[in-house]
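Only one structure is covered here, and it is reproduced in the block below.
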Amino acid sequence: MMNNINYKVIFKGLNERNNLDLILTFRKINSIKKITVPHYVVSELKNIQKKNSIIHIFENIDNVFAIGSDTQALNYLDYYVVLYTLKKGRKKEGFLIAGEKKEGDLDILGIWPFNIYESEFSKEEILDIFNQLINNPDNYNNICLITS
């Protein structure tokens, strides 16, 4: 089934005019059930960054909104973009995740690049990706965590 909801993430620029150029679009994750990851994935990436220079963390998300059919206003407290480049094949991928509270599970909202992901994801597949990021960061050229 084709998914018609996208999420636009607007990043902070040096001025309002620059913001229009700093946008990344994520496709809503194609899954029957809502997929969540534990909140500790964010703190683990922050801890690993202290020891590993391939992990970059910075606060730069200005706004996130949904576009497409059946969209509703987003009501999350925190947004995170996780982008990474695998060493093998130099494949670049990423996720948009969000939390309603300071603690608790984070919802997987979208995936990037969305044009290659039309198949359905399972929670296990997503958790495996995040476990690989945390437990095997050396398998990546870089890992970037961008926060709101």
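Checking the structure you have, find out if any residue of region 82-95 is in a helix (DSSP H, G or I) and of a type in the set (S, T, N, Q). First the steps, then the outcome.
So the first thing to find is which residues in region 82-95 are in a helix (DSSP H, G or I), and the list is 88-90.
Among the residues that remain, those that are also of a type in the set (S, T, N, Q) are: none.
No: zero hits.
Please work out which residue is farthest from Ile129 (Cα to Cα), limiting yourself to region 45-98 and to residues that are within 15 Å of the chain's Cα centre (by Cα) and among the polar types (S, T, N, Q).
Within region 45-98, the match that is farthest from Ile129 (Cα to Cα) is Asn63.
Which ones in region 57-81 are surrounded by 13 or more Cβ atoms within 10 Å (Cβ to Cβ) and assigned to a strand (DSSP E or B)? If you could, list the steps in order and put the result at the bottom.
Filtering region 57-81 for residues surrounded by 13 or more Cβ atoms within 10 Å (Cβ to Cβ) gives 57, 60-64, 66, 71, 74, 76, 78-81.
Residues satisfying the conditions are Ile57, Ile61, Asp62, Asn63, Val64, Ala66, Asp78, Tyr79, Tyr80, Val81.
If we keep just the residues of region 21-53 that are of a type in the set (Val, Ile, Thr) and in a loop (DSSP other than H, G, I, E, B), which is farthest from Gly94 (Cα to Cα)?
Ile32
Every number here is computed from the coordinates shown, using simple stated rules; none is lab data. None of the values given here were measured: they were computed from a predicted structure. As a convention, Cβ positions derive from the backbone with ideal geometry for all residues, glycine included, and neighbour counts pool all protein chains shown.
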